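Derivation of every value follows stated rules applied to the coordinates shown; laboratory data play no part. Nothing here was measured: the structure is a model prediction, and the numbers come from that model. All Cβ positions, even for glycine, are placed from backbone atoms using ideal geometry, and neighbour counts span all protein chains on display.
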Ligand code: GLU
Ligand code: MG
């Protein structure tokens with residue numbers, strides 16, 4: 001039996017299980033280059049066919065913008081061609097907050113069964129395999145921040161937000177005010193197999209954060225998609241609306257979607273902590289130095305919207321300076337030291353990324369940058385303490401700290417010129433990402449910051 005036929009068999013069994021649970025529909029999602037989860041749904045009785053033959057979807061979505069505009073790259077765009085979405089049954093999940101629905105992430109292949117060169121999820125898998133071939137294991141996790149507001153009754157989407165709690169940042173009063181809602185969020189995630197590590201109120205009005213357990217890179221990206229859609233669905237059931245946008249209200253602290261990554265070889269963490277000191281194995285130094293070096297180009301992946309650059313302000317905990325630091329929340333790359341008895345060891349956090357990023361591109365591109373660091377034996381500069389944003393220009397220059405791109409155009413220019421990222425993504429995906437970035441920039445060019453925030457508030 002061929003692989004597809006075998007998967008069909010197991011899909012028949014999965015469909016029977018869903019059916020017994022009263023689940024009649026399955027949502028198959030993939031995330032486009034503008035960070036939007038796009039979907040085709042199939043009735044559960046069609047699931048086995050979807051697994052065997054895929055579900056049709058046009059490749060034009062690779063050049064969709066967050067405003068649903070359509071651009072074109074050298075390789076993609078226009079009405080021709082078709083792709084097949086193949087659901088990954090390993091992630092088939094009954095959705096707790098959408099009764100009667102299940103979800104599975106999809107990989108994209110062409111009509112002849114060849115991997116689509118611009119499939120972001122296959123890219124993430126390729127990069128994880130590249131790391132594995134180099135003997136490295138990565139465990140990753142995204143932090144999800146969101147702002148919750150009462151769902152507007154009329155067409156007030158862009159107006160003032162009506163927060164269901166105005167209690168202080170990090171305050172228990174926020175949890176008390178929304179205890180049913182927050183309980184439903186964590187319960188839904190838990191029954192869906194996503195392990196919640198923490199949930200807490202954040203700094204901005206109406207803002208919360210949930211972090212989930214680390215996982216292999218593709219799973220971590222799947223998790224953040226599922227977490228976001230779950231929060232969205234639970235919010236709707238409570239008459240609320242969740243914004244994951246980088247800048248919900250221009251000028252406020254925004255929503256980040258920081259990427260945490262831990263490096264392991266032969267099951268042992270490369271972030272070593274002992275009772276009195278900590279150290280990084282040489283490969284971890286080179287990997288993280290590769291990520292730090294590539295950050296200006298990586299911003300075009302992890303901060304993909306003009307709205308992202310409204311969030312990337314000094315002293316907003318968004319990590320806008322190209323430096324690293326130990327437990328420094330203003331460094332773009334924060335090293336988190338694990339306790340000596342922590343089996344997971346320490347890890348690093350990429351702070352500038354936000355939820356407009358396609359998480360599959362984000363994990364894949366970070367791995368590519370890190371592996372390039374290992375290939376070139378990259379070295380980390382001195383770590384930074386304190387907030388680089390409060391230093392004078394001269395002092396920052398003396399310390400060799402530069403600001404990361406302050407506009408999407410600048411980041412896209414850096415991605416365009418990045419040979420390692422171009423090679424890793426491949427021409428087709430690299431070209432499509434750039435085309436979408438240029439189109440986003442052009443679309444919002446005449447908008448004021450407040451207008452960008454309002455227009456993109458409910459996009460992701
Ligand atoms: N909300 C901040 C951001 O824009 C991050 C806060 C934190 O350190 O978790 O990334
Ligand atoms: Mg946070």
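How long is region 1-43 along each principal axis, judged by its Cα atoms, biggest number first, in Å?
Between the extreme Cα coordinates on each principal axis of region 1-43 lie 36, 30, 11 Å.
Could you give P(r) for region 178-247, binned at 5 Å from zero, as whole percent values over all Cα-Cα pairs?
With 5 Å bins starting at 0, P(r) equals 3, 15, 28, 28, 17, 7, 1.
Per residue and in Å³, how big is the convex hull formed by the alpha-carbon atoms of region 211-262?
88
Ordered by packing density, taken as the mean number of other Cβ atoms within 10 Å over each peptide's residues, highest first, how do 85-95, 258-268 rank?
Ranked from most to least packed, the peptides come out as 85-95, 258-268.
May I ask for the percentage of alpha-carbon pairs in region 328-376 that lie more than 17 Å from each other?
The share of Cα pairs beyond 17 Å in region 328-376 comes to 51 percent.
When you count, for each residue, the other Cβ atoms within 10 Å and take the mean per peptide, how do 442-454, 230-242, 344-356 rank with the highest first?
Per-residue mean Cβ counts within 10 Å order the peptides as 344-356, 230-242, 442-454.
Based on DSSP, what percent of beta bridges with both residues in region 319-452 are antiparallel, to the nearest 5?
Percentage antiparallel, nearest 5: 60.
Give me Rg over Rh for the chain, both radii from the alpha carbons and Rh done the Kirkwood way, two decimal places.
0.95
Looking only at region 297-358, where both bridge partners belong to it, what percent of the DSSP beta bridges are antiparallel (to the nearest 5)?
If we restrict to bridges inside region 297-358, about 50 percent are antiparallel.
Mind jotting down the three principal axis lengths of region 305-401 based on Cα atoms? Whole angstrom, largest first.
Sorted from largest, the Cα extents of region 305-401 read 38, 33, 30 Å.
So if I average 1/r over every pair of distinct C-alpha atoms in region 64-106 and take the inverse, what Kirkwood radius in Å does that give?
Working: mean 1/r = 0.0742 Å⁻¹.
Taking the inverse mean of 1/r over all distinct Cα pairs, region 64-106 comes out at 13.5 Å.
What's the long-distance tail for region 1-109, i.e. % of Cα pairs beyond 15 Å? Could you put the intermediate results ahead of the total?
Values: 3742 of 5886 pairs.
Of the Cα pairs, 64 percent sit more than 15 Å apart.
Could you tell me the ratio Rg/Rh of region 415-460? Both radii from Cα atoms, Rh via Kirkwood.
For region 415-460, the value is 1.13.
If each residue's Cβ is checked for other Cβ atoms within 10 Å, how do 291, 23 rank with the fewest at the top?
Details: 291 28, 23 20.
The order, fewest Cβ neighbours first, is 23, 291.
Take residue 281, project a point 7 Å from its Cα along the Cβ direction, then tell me which residues of region 102-134 have their backbone nitrogen under 19 Å from it.
Counting backbone N atoms under 19 Å from the label point, the list is 128-134.
Counting only helical runs of four or more DSSP H residues, what would the 222 nm mean residue ellipticity of the chain come to if each run contributes -39,500 (n - 2.57) and the total is spread over all its residues? Mind showing how you got there, number by number?
On the way: 14 runs with 171 residues, N = 460.
Result for the chain, helices only: -11500 deg cm²/dmol.
With r as the distance between the Cβ atoms of residue 417 and residue 5 and R0 = 56 Å, compute the FRET efficiency 1/(1 + (r/R0)^6) and round to 0.05.
E(calc), rounded to 0.05, equals 0.80.
Determine the equivalent ellipsoid of region 33-186 by diagonalising the alpha-carbon gyration tensor, then write out the semi-axes as square roots of 5 times the eigenvalues, largest first, rounded to whole Å. Display every interim value, and only then the final one.
Numbers: eigenvalues 242, 94, 73 Å².
Listed largest to smallest, the semi-axes of region 33-186 are 35, 22, 19 Å.
Any idea what the relative contact order of region 148-237 is, in percent, if you count C-alpha pairs under 8 Å spaced at least 6 apart?
27
Evaluate region 81-163: find the radius of gyration of its Cα atoms, find its Kirkwood radius, and give the ratio Rg to Rh.
Ratio value, two decimals: 1.13.
Would you please state which residues of region 24-52 a label at residue 58 would reach in this model, taking the label point 7 Å out along Cα→Cβ and a backbone N cut-off of under 20 Å?
Residues 28-42 fall inside that zone.
Projected area of region 369-431, taken from the Cα convex hull and averaged over every viewing direction, in nm²?
Computed as one quarter of the Cα hull surface, the answer is 5.7 nm².
What are the principal axis extents of the Cα atoms in region 347-460, in Å, biggest first?
For region 347-460, the Cα spread along each principal axis is 40, 36, 26 Å.
Let me know the shape class of region 207-306, please: from the alpha-carbon gyration tensor, a ≥ b ≥ c as square roots of the eigenvalues, rounded when a/c is under 1.5, otherwise prolate if a/b is greater than b/c, or oblate.
Prolate.
Calculate the translational D of region 268-359 in whole µm² s⁻¹ from Stokes-Einstein, where the hydrodynamic radius comes from the Kirkwood formula applied to all Cα pairs, the temperature is 10 °C and the viscosity 1.306 mPa s.
Answer from the Stokes-Einstein relation: 114 µm²/s.
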